[in-house]
Amino acid sequence: MFNGESKNSTRIIGIMDPNSFSFRAALEGLLSYYLQEPLKYKGEEYHVIHRRIMCRPYNALGAKTSCDAILNRGAHWSPHHNSFFMMVSPKTYLLNDMLSFKSIDKNSSYGQMHDLGLNIPKTWAIPQEDYSELTKSDRIETDLIFPEYEMFDLHAIGEEVGYPAFLKPQSGGGWVGVERVTNFEELLDAYKKSEDKPMNLQEAIPFTEFVRTVGVGPQMYPMHYNPDSTYSHDRYLRNEHQAIEHNFITPEQRKEVSQITKIINAFYNWDHNSCEALISKEDNLIYPIDFANAYPDSHVTSLHYYFPDVVKGMAKWLIYNAVTKRNKPVFSNDWHKYYEVLEKAQKENWTYEQKLDAYEKIADEHFTTKQFNEFCDESLIDFDKKAIEFFESEEFYGIIEEAVGRYFKVPQEVPQKIAHYSGILNFWIQCEKDRMGLI
């Protein structure tokens, strides 16, 4: 739905990302470079500007924002920002909205996507092992709390899930606290070390490909991922000798991982989220294993070759929502549509592919994909070409240098790493020019 009643030709994009220098700097730089001239949309001209969302006092009674769209990356870490965004969310397009971000965790998303028929591996949620901090508190009545906790048989749960399996925190990221276990003794040892974190035990899927798909609105970016890399910043490299492999999965697999991510993101009202999925060695099915990631890693030191496309996608999505003054969908308002599809699919014995196609139609309605593509064709005609100009500019290479300097703490490493990332990004520029017929 659109709210085109405002005759004001100025549109404002707000940006907040306190923990990702390179993404924020590149996004702001690209927007500034591209938006020097007004945009034309449906016969009208629009001046689009952007500004940083600052942390400052605000009147809690009738809080307002001047922004038509806001990139919200990190407000869950700041109660002050969190409250403000919740109050202004009906008045702007908030990406991502805080209600869904705070309501959905790994377990709820595992369960709901399993209900819709996605291939979720066996997963059990396990209470925390260590309650010592609770028992020390003078504000907690332990005789009331602990009788509510039933004893459970970890051995039986391990047998149910099967080995190998992964024990991992129910909340967290970056593979912190994740342990692979191959028998009960290893599971018990890993569980004892998990301390006060509620854990998940998830079946390990032998895989031929680990795919991480980053979604920005209806735009999907499947990326190869190597979880065995020693360093997290090397995990998006194809291997130690190769930065990128373009056709690492088949077109059919690319379609499926993109559909899965788009469906998940639309279902949870997430504009920016990533989905990790495994292509199984044994049955060739695609198993989503981690997808409640509505603050995905977007550093240039991690994404390298994939970085410019995600920045471009975010810029286009923010511009679209700001210019059209599109209303943010209401969280969970369209869930009934998915369950109606599921009920029909079960009655008519649909294939998995037919269900995904039907779910994707709902997701495309949610993201107004058709209107977004029309907007890009009409109002962002030269966007890709201008983006190339920005990403080969001195400004962007300055962003690479600063990002590398911030991330790598050994001074002797920095020049080599700058050359490494600059070379990969130069290759992206060559590929883009080749795609557009500019070389």
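The numbers here are math on the coordinates, done by the rules we state, and not lab data. All figures in this text were calculated on a predicted structure; none of them were measured in a lab. In this analysis, Cβ positions are derived from the backbone assuming ideal geometry, glycine residues included, and neighbour counts consider all displayed protein chains.
Where does each of 184-197, 356-369 land if you order them by average Cβ count within 10 Å, highest first?
Values: 184-197: 15.2, 356-369: 18.8.
Ranking the peptides 184-197, 356-369 by packing returns 356-369, 184-197.
Given only helices, namely DSSP H runs of n ≥ 4 each adding -39500 (n - 2.57), what is the per-residue ellipticity at 222 nm of the chain, to the nearest 500 deg cm²/dmol? All intermediate terms of the calculation are to be shown ahead of the outcome.
Working: 17 runs with 192 residues, N = 439.
So the helix-based figure for the chain works out to -13500 deg cm²/dmol.
Could you give the length gained on full extension between K64 and E159, defined as 0.36 nm per residue of separation minus the Cα-Cα distance, in nm? Working shown, then result.
Values: separation 95, 0.36 × 95 = 34.20 nm, distance 5.40 nm.
Difference between extended and current length: 28.8 nm.
Output wanted: per-residue J couplings in Hz (rounded whole) for the stretch 202-208, from phi through Karplus 6.51 cos²θ - 1.76 cosθ + 1.60, θ = phi - 60°, x for Gly and Pro.
So the J values, rounded to whole Hz, are 10, 4, 7, 9, x, 10, 8.
Rounded if a/c is under 1.5, else prolate if a/b beats b/c, else oblate: with a ≥ b ≥ c from the C-alpha gyration tensor eigenvalues square-rooted, which is the stretch 166-293? Mind showing how you got there, number by number?
On the way: a/c = 1.79, a/b = 1.43, b/c = 1.25.
It is prolate, given that a/c is not under 1.5 and a/b is the larger ratio.
On C-alpha positions alone, give me the angle between the axis of helix 106-116 and the longest principal axis of the chain, in degrees, nearest 10.
80 degrees
Quick one, which of (i) 46; (ii) 20; (iii) 24 is the actual percent of Cα pairs over 39 Å apart calculated for this model?
This structure yields the entry labelled (iii).
With a 10 Å cut-off between alpha carbons and a GNM built on the chain, which of P18, P288, P329 moves the most?
Among P18, P288, P329, the largest mean-square fluctuation in the Gaussian network model of the chain belongs to P18.
Identify the GluC sites (Glu not before Pro) of the stretch 6-112 meeting these criteria: DSSP loop state and at most 13 other C-beta atoms within 10 Å of the C-beta. Before the final figure, lay out the partial values.
Working: sites: E28, E44, E45; in loops: none.
Within the stretch 6-112, no GluC sites (Glu not before Pro) qualify (loop, at most 13 other Cβ atoms within 10 Å).
If eta is 1.306 mPa s and T is 10 °C, what Stokes-Einstein diffusion coefficient results for the stretch 10-103, Kirkwood Rh from Cα pairs, in µm²/s? Before the final figure, lay out each step's value.
Working: Rh = 14.3 Å.
My calculation gives 111 µm²/s for D.
Quick one: Karplus J couplings for the stretch 49-60, per residue in order, coefficients 6.51, -1.76, 1.60, θ = phi - 60°, nearest Hz, x for Gly and Pro?
10, 9, 8, 7, 7, 9, 8, 7, x, 9, 6, 5
Quick one: length gained pulling F408 to K281 fully straight, 0.36 nm per residue minus the C-alpha distance?
Numbers: separation 127, 0.36 × 127 = 45.72 nm, distance 3.58 nm.
So the extension gain works out to 42.1 nm.
Under the 0.36 nm per residue contour assumption, what length would be gained going from the current alpha-carbon distance of D357 and R139 to full extension?
Working: separation 218, 0.36 × 218 = 78.48 nm, distance 5.16 nm.
Extra length available between D357 and R139 comes to 73.3 nm.
State the antiparallel share, in %, of DSSP beta bridges confined to the chain, rounding to the nearest 5. Provide the component values of the computation, followed by the final result.
Working: 36 of 49 bridges.
In the chain, DSSP labels about 75 percent of beta bridges as antiparallel.
Calculate the FRET efficiency for S83 and E395 from the Cβ-Cβ distance with a Förster distance of 41 Å, rounded to the nearest 0.05. All intermediate terms of the calculation are to be shown ahead of the outcome.
Details: r = 35 Å, r/R0 = 0.84.
Taking R0 as 41 Å, the efficiency between S83 and E395 is 0.75.
Can you give me the long-range amide H partners of F207? Hydrogens built in the peptide plane at 1.01 Å from N, cutoff under 5 Å, separation of 5 or more residues or another chain.
K281
How high is the relative contact order of the stretch 1-83? Use alpha-carbon pairs under 8 Å, at least six apart in sequence, and give a whole percent. Intermediate results must be reported in sequence, preceding the final value.
Values: 88 pairs, mean separation 36.1, N = 83.
About 44 percent, as a whole number.
Could you check the spin-label model distance between R51 and D234? Points 7 Å from the Cα along Cα→Cβ, value in nm.
Computed distance between label sites R51 and D234 equals 4.5 nm.
Once you keep just the Cα pairs under 8 angstrom separated by 6 or more residues, what percentage relative contact order results for the stretch 263-335? Before the final figure, lay out each step's value.
On the way: 57 pairs, mean separation 21.9, N = 73.
Relative contact order here is 30 percent.
So for the chain, averaging the separation of alpha carbon pairs under 8 Å that are six or more residues apart and normalising by length, what relative contact order in percent results?
On the way: 656 pairs, mean separation 84.0, N = 439.
Taking the mean separation of contacting Cα pairs over the length of the chain, I get 19 percent.
Given a cut-off of 22 Å, name the pairs among K337/K361; K102/K192; K102/K168; K168/K255 whose C-alpha atoms lie farther apart than that in the structure shown.
Details: K337/K361 10 Å; K102/K192 28 Å; K102/K168 20 Å; K168/K255 29 Å.
Over 22 Å Cα-Cα: K102/K192; K168/K255.
Please report, in debye to the nearest 20, how large the charge dipole of the chain is about its Cα centre when each Lys and Arg carries +1 at its beta carbon and each Asp and Glu carries -1 there.
Result for the chain is approximately 1720 debye, rounded to the nearest 20.
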